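The values are calculated or read from the model by the stated rules, or taken from the named source; none is laboratory data. What you see is a predicted model; the values in this text were computed from it and never measured. Using ideal geometry, Cβ is built from the backbone for each residue, glycine included, and neighbour counts are taken over all protein chains shown. Heads up: the accessible areas ignore ligands, DNA and RNA and are worked out on the full protein's heavy atoms, side chains in. Shrake-Rupley method; radii C 1.70, N 1.55, O 1.52, S 1.80 Å.
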Amino acid sequence: MPGLFNKLKFTFALVACSATFAVAAQDKLMVGVDTAFVPFEFKQGDKYVGFDIDLWDAIAKKMHTRYELRPMDFSGLIPGLQSRNLDVAMAGMTITETRRQVVDFSDGYYNADLLIAVKGNTTSITKFSDLVGKKVGLKQGTAAASFMKGKYKADYVEFPNIDNAYLDLQAGNLDAVVHDSPNVLYYVKTAGDGKVKAVGENDSILPQQYGFAMQKNSPLTPKINAALEALRADGTYNKIYVKWFAKEPK
């Protein structure tokens, strides 16, 4: 009997420990994702890949839960949470006080700021104040768009998909594009192909953190935070970060 008691006691301890971030096995979470934000989430062949995708998959494994990705425009993510059609939303989403009023956020999992993309031969734009009076592309509904419109008087053109803004830049229809630094740098390194460069690095403008968004007062929030903490502790977070950014997180 003492052996049986100890076994039951051990089993109970495991359940109590994992309950911090466990979700009932039969639950299937609906996860909204904007798949046009490289390198965080994008489609490669018939698969969705990226830093957010890998990190969320690791979180779901820690929570012992199934999930289904639901691709949509960035502007539909928060309404999807508010209507309860989504349980979680991810899109390199900046944590802001305005958004906190209508959705929950996880702890921040990525630090970012803004950068400017310009054509490779541009010399008249090297910092954010140079954008005044210029034609500038932004992604609709983002923290970057709200910040820029309130800070600098430029001729702003907003796009539902940032890739279209970059295409307009290369076509000469825009003077610059402003977006989150990891996306700008990834574009410059890949599709920019030497024709586009990043400027404004020394301005360190709008430091921000990304978080996973949930329904307001969601029971998932503490579970996701606990899973994130566990992934940092066991080294999984660092491995995923290095995979996508080729450097250790700060």
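At a glance:
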{"read-out": "Nearest 10 degrees, 0 to 90: helix 2-18 Cα axis against the chain principal axis", "value": "20 degrees"}
{"read-out": "Within the chain, helix-based [θ] at 222 nm, where runs of 4 or more DSSP H residues each add -39,500 (n - 2.57), nearest 500", "value": "-10500 deg cm²/dmol"}
{"read-out": "Helix 51-63 vs. the chain, principal-axis angle (Cα, 0 to 90°, nearest 10)", "value": "10 degrees"}
{"read-out": "Taking the chain and dividing mean pair separation by its residue count, relative contact order in percent (alpha carbons under 8 Å, at least six apart)", "value": "26 percent"}
{"read-out": "Mean Cβ count within 10 Å, highest first, over the residues of peptides 110-123, 234-247", "value": "110-123, 234-247"}
{"read-out": "Within the chain, percent of DSSP bridges classed antiparallel, to nearest 5", "value": "60 percent"}
{"read-out": "Residues of segment 112-206: accessible area per residue with a 1.4 Å probe, Å²", "value": "45 Å²"}
{"read-out": "Spin-label model distance (nm) - Lys127 vs Ala233, 7 Å beyond Cα toward Cβ", "value": "4.5 nm"}
{"read-out": "Apportionment of accessible area to carbon and sulfur, the chain, percent (1.4 Å)", "value": "53 percent"}
{"read-out": "For the chain: rounded, prolate or oblate by the Cα gyration tensor [a/c cutoff 1.5]", "value": "prolate"}
{"read-out": "Long pairs among Lys223/Lys247; Lys28/Lys250; Lys189/Lys223, criterion Cα-Cα beyond 30 Å", "value": "Lys28/Lys250; Lys189/Lys223"}
{"read-out": "For segment 61-108, accessible area per residue (1.4 Å probe, heavy atoms of protein chains only), Å²", "value": "50 Å²"}
{"read-out": "Fraction of beta bridges assigned by DSSP in segment 108-190 that are antiparallel (%, nearest 5)", "value": "35 percent"}
{"read-out": "Estimated FRET transfer efficiency (Asp155, Asn217; beta-carbon r; R0 45 Å; 0.05)", "value": "0.65"}
{"read-out": "Overall form of segment 112-206 per C-alpha gyration tensor (a/c, 1.5; a/b vs b/c)", "value": "rounded"}
